[in-house]
Structures are given as structure tokens and as C-alpha cells.
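Okay, structure first, notes after.
What follows draws every value from the coordinates through simple rules; no lab data is involved. The structure presented is a predicted model; accordingly, all values stated were derived computationally and were not measured. Cβ sites come from the backbone with ideal geometry, for glycine too, and all protein chains shown count toward neighbours.
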Amino acid sequence: MALNPVLTQDVHTKQLLPLCDSGEFLLMHRPYTKFELKISDRVMKGSGDTFVTTHRIVFVKNKDKKFNEQFSSLSLPYALIDEPRFRQPVFGSNYLEGVIKPDSSATIPIKETGMFYIYFDRGCGMFLKGFYMSYARIRNNPAYTVNAHPFASGSELGSAFVDPNDPTHVYIAQPETSDPVDVSKGDEPGESAETDAEGTNKDDKKHPGWVGGASQAAKTSTSSCPLCF
């Protein structure tokens, strides 16, 4: 895992995004999450957005007064995640937990093994489908890279459970992004995604690269959204 990985910004929505490496693609964006990392001497936590790429999970905190406290973002490469489990407690939010090992190659590594927890407000079936698919691929082939967006063919995920309460955004094309954003120097990434009175993300209509939450994706043909049919 790594603290404060390099971020970029969607030029249309001003949303902060992970900067993908060569052979890596952005797959999903899940707003309304809470993240917690427990290591031996401290607990790090925050609220914000969780991204799934072909190679890792990246959590980005909300841009508020706590944005730069302890950390602003965290990267969890699949190759370093062990025992990921989805929990559904009787009381409290559903969450994904797992063991995360150190990433010695990171610019700002955390040099010990920890436990991570991602808490979901509302449904998360689509997010989990994308995560476990990508995680299994990397664990089976750590050298895996891709030359084209995995969803371009429309058959990558096949059919999937669609949760109308899941606000996950599926990227069917890579968003148009800016140069890397150095948040430590006060670059302004803009506000978090907003929703209208019906709960629909206001950026969905103007964003050229994603399908909005699961309820909208359910109305989208498989040629546009391979998660649904």
C-alpha cells in the first residue's frame, strides 16, 4: 500500500482520480464510502470516493478541511491484498475488509502490514463484482497488463447483479484528464460529485466516459455497459 499516490483530475467534472500507469485502466468509481486502515501504531480513516482500476483500489478523501490530515489518498494494489472479505453485519454499514501488505516500490510507502475496511452507504453489488473480477485476474497473473479498456468489447463481465441502490459509476471509456494534481501544494480539485433531487449524479449527463449508478446502468444495453443485460 502507499500513501498519497499521484492523482489527476477529470476535466469535465473536476473529480480527483488516480493517475493510471501504463497498462492500467480505470474501471469504477464508488462515491459515499468511508475508509479505515489499521496498523500497529495508528488508525487512519476518512470519507470520500473509492476507485477500482485493473490493478488496484484507490481511495481519495473528500476535499474538506480534513483532506490533508494524515493522508489525502491511499493505493491498495491487488497483488498486495490478502483475504478480502465482504461483511454484512446485522447493525451498521456493509463493508469490504482485507489484509494489505507494504509496497516497497511506492514513493510514500507504509512499511508494515495492516487491515483495511471500506464501508458502503447504500448498495455495492456492482462495485464488488468489478473488484473481485479484477483482483482474481491479478492474483492469478501478477504481470497482467491491458492494451485496451477491458469493457470495450461489451463482454468482459457478462451478466451481473444490478442493485438499484448502488451509486457506483462504471467507466466504459477513460475520462479526459488533466496533468497530475499536486494536492500538497494546494491545487484545487473542485467539489465532490453532486446529486439532484432524485438522487441522480448531476455530472452523469455531461461526463463522456461513465455510465451513472446501477439504476441508470440497468437501462443501458450490453453494448454500452457490460455489467448489465
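Observations on the model:
- FRET efficiency, 1/(1 + (r/R0)^6) with R0 35 Å, evaluated for V6 and R85 via beta carbons: 0.75
- For region 1-56, the square roots a ≥ b ≥ c of the C-alpha gyration tensor eigenvalues yield an a/c of 1.5 or more together with a/b exceeding b/c, which makes the shape prolate.
- The shape of region 42-128 comes out oblate: with a ≥ b ≥ c from the C-alpha gyration tensor, a/c is at least 1.5 while a/b does not beat b/c.
- Overall form of region 6-152: rounded. Here a/c, set by the Cα gyration tensor axes a ≥ b ≥ c, is under 1.5.
- Sorting 55-64, 99-108 by average packing, meaning the other beta carbons within 10 Å per residue, from highest down gives 55-64, 99-108.
- Cut-off 15 Å (backbone N to label point 7 Å along Cα→Cβ of E24), residues of region 53-89: 53-60, 73-81
- Ordering of 8-14, 79-85, 168-174 by burial proxy (mean other Cβ atoms within 10 Å per residue, highest first): 168-174, 8-14, 79-85
- Packing-based ranking, highest mean first, of 29-41, 138-150 given that Cβ atoms within 10 Å are counted: 29-41, 138-150
- Distance between modelled label sites at N141 and A173, nm, 7 Å Cα→Cβ extension: 2.6
- Pairs beyond 25 Å (Cα-Cα), from K38/K61; K34/K65; K65/K129; K65/K111; K61/K111; K14/K38: K65/K129; K65/K111; K14/K38
- 3J(HN,Hα) along region 32-41: 6, 10, 10, 10, 9, 10, 10, 10, 4, 10 Hz, from the Karplus curve 6.51 cos²θ - 1.76 cosθ + 1.60 with θ = phi - 60°, whole Hz, x for Gly and Pro.
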